[in-house]
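K.L.:
Starting off with a structure, shown below.
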Amino acid sequence: MKMPILIHPDPRLKKVCSPVPDLSDALRSLADNMLETMYDAPGIGLAAPQVGVTERLIVLDCIKQEGEAPRPTIMFNPEITARSDATNVYEEGCLSIPDEFAEITRPAEVEVRWIDRDGHEQSAGFDGLWATCVQHEIDHLDGKLFIDYLGPMKRQLITRRMQKLKRDKARG
Ligand code: NI
């Protein structure tokens with residue numbers, strides 16, 4: 001089932017999310033719905049607060065080439081356990097900040113530990129787009145958006161454009 005995606009600014013996007021205590025069928029189906037919502041958008045990552053659930057859950061799939069098998073990834077309680085000193089710059093966007101993009105510098109490689117859909121602990125290293133995406137999504141769980149890396153002027157400009165977008169949407 002597709003879920004509505006919250007648009008910045010929204011207080012739920014600024015919250016520090018709580019850890020998922022125990023996996024349940026409800027949480028698994030939330031994760032499945034988030035994946036469906038992400039693919040439909042289309043996007044390469046989505047965090048639970050973006051659909052109004054302030055719990056530590058993200059989904060991602062950074063496979064973009066046609067013909068390559070999709071890699072739907074569900075992470076409960078993801079944690080970055082190591083970051084490289086080397087950095088990478090990607091032009092980032094966010095499904096909660098539609099049509100806005102900015103170059104953001106982040107560690108080029110990260111190690112992440114998480115609980116998978118079956119409740120098993122996993123850990124893996126990520127680089128390239130996957131590293132950027134997983135860091136962007138984990139930021140969401142701490143109430144942080146990619147525009148928080150920009151200067152105040154640029155951030156306010158984007159926020160004002162989003163406020164206008166929401167007003168126009170509400171008016172229909
Ligand atoms: Ni985002």
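K.L.:
Looking only at residues in region 67-96 that are within 23 Å of Ile7 (Cα to Cα) and among the hydrophobic types (A, V, I, L, M, F, W, C), which one is nearest to the ligand (Cβ to nearest atom)?
P.N.:
If we take residues in region 67-96 being within 23 Å of Ile7 (Cα to Cα) and among the hydrophobic types (A, V, I, L, M, F, W, C), then Cys94 is nearest to the ligand (Cβ to nearest atom).
K.L.:
Mind listing whichever residues of region 1-22 are under 23 Å from Asp118 (Cα atoms), open to solvent by 20 Å² or more (accessible area, probe 1.4 Å) and either modelled with pLDDT of 95 or more or assigned to a helix (DSSP H, G or I) (or both)? Steps first, answer last, please.
P.N.:
Initially, region 1-22 is screened for residues under 23 Å from Asp118 (Cα atoms), giving 1-3, 17-22.
Filter once more, keeping what is open to solvent by 20 Å² or more (accessible area, probe 1.4 Å): 1-3, 18-19, 21-22.
Those that are under 23 Å from Asp118 (Cα atoms), open to solvent by 20 Å² or more (accessible area, probe 1.4 Å) and either modelled with pLDDT of 95 or more or assigned to a helix (DSSP H, G or I) (or both): Lys2, Met3, Ser18, Pro19.
K.L.:
Considering only residues that are modelled with pLDDT of 95 or more, part of a loop (DSSP other than H, G, I, E, B) and more than 21 Å from Gln50 (Cα to Cα), which ones fall in region 124-172?
P.N.:
Once the filter is applied, which keeps residues that are modelled with pLDDT of 95 or more, part of a loop (DSSP other than H, G, I, E, B) and more than 21 Å from Gln50 (Cα to Cα), region 124-172 yields Asp127, Gly151.
K.L.:
Looking at region 97-123 only, could you name the residues that are outside any strand (DSSP E or B) and either closer than 14 Å to Cys133 by Cβ or within 16 Å of the ligand (Cβ to nearest atom) (or both)? Talk me through it step by step, then tell me what you get.
P.N.:
Of region 97-123, the ones outside any strand (DSSP E or B) are 108-109, 116-120.
The answer is Ala108, Glu109.
K.L.:
Tally up the residues in region 23-49 that are loosely packed, with under 12 Cβ neighbours inside 10 Å and over 14 Å from the mean Cα position of the chain (by Cα), please.
P.N.:
Just the residues of region 23-49 that are loosely packed, with under 12 Cβ neighbours inside 10 Å, to begin with: 24-26, 29, 40, 42.
Keeping just the survivors that are over 14 Å from the mean Cα position of the chain (by Cα) gives 24-26, 29, 40.
Number satisfying all stated conditions: 5.
K.L.:
Now for a different question. So which residues in region 34-66 are within 16 Å of Ser96 (Cβ to Cβ), in a loop (DSSP other than H, G, I, E, B) and more than 12 Å from the ligand (Cβ to nearest atom), if there are any at all?
P.N.:
Applying the first criterion (within 16 Å of Ser96 (Cβ to Cβ)) to region 34-66 yields 34, 37-38, 40-54, 57-60.
Right, trim to in a loop (DSSP other than H, G, I, E, B) and you get 41-44, 52-54.
Selection gives Pro42, Gly52, Val53, Thr54.
K.L.:
Within the set of pairs 6+ apart or on separate chains, which have a first residue in region 133-150 that is among the hydrophobic types (A, V, I, L, M, F, W, C), a second that is within 11 Å of the ligand (Cβ to nearest atom) and in a helix (DSSP H, G or I), and C-beta atoms under 9 Å apart?
P.N.:
Partner pairs satisfying both residue conditions: Leu141/Pro49; Leu145/Leu13; Leu145/His136; Leu145/Asp139; Phe146/His136; Phe146/Asp139.
K.L.:
Could you say which residue among Leu129, Leu150, Leu157 is open to solvent by 40 Å² or more (accessible area, probe 1.4 Å), within 16 Å of the ligand (Cβ to nearest atom) and among the hydrophobic types (A, V, I, L, M, F, W, C)?
P.N.:
Leu129 is the lone residue from the list that is open to solvent by 40 Å² or more (accessible area, probe 1.4 Å), within 16 Å of the ligand (Cβ to nearest atom) and among the hydrophobic types (A, V, I, L, M, F, W, C).
The values are calculated or read from the model by the stated rules, or taken from the named source; none is laboratory data. Remember, predicted model here, so these are calculated numbers, not experimental data. Glycine gets a Cβ as well: all are built from the backbone with ideal geometry, and neighbour counts include every protein chain shown. Only protein heavy atoms, including side chains, enter the accessible area calculation; ligands, DNA and RNA are left aside. Shrake-Rupley method; radii C 1.70, N 1.55, O 1.52, S 1.80 Å.
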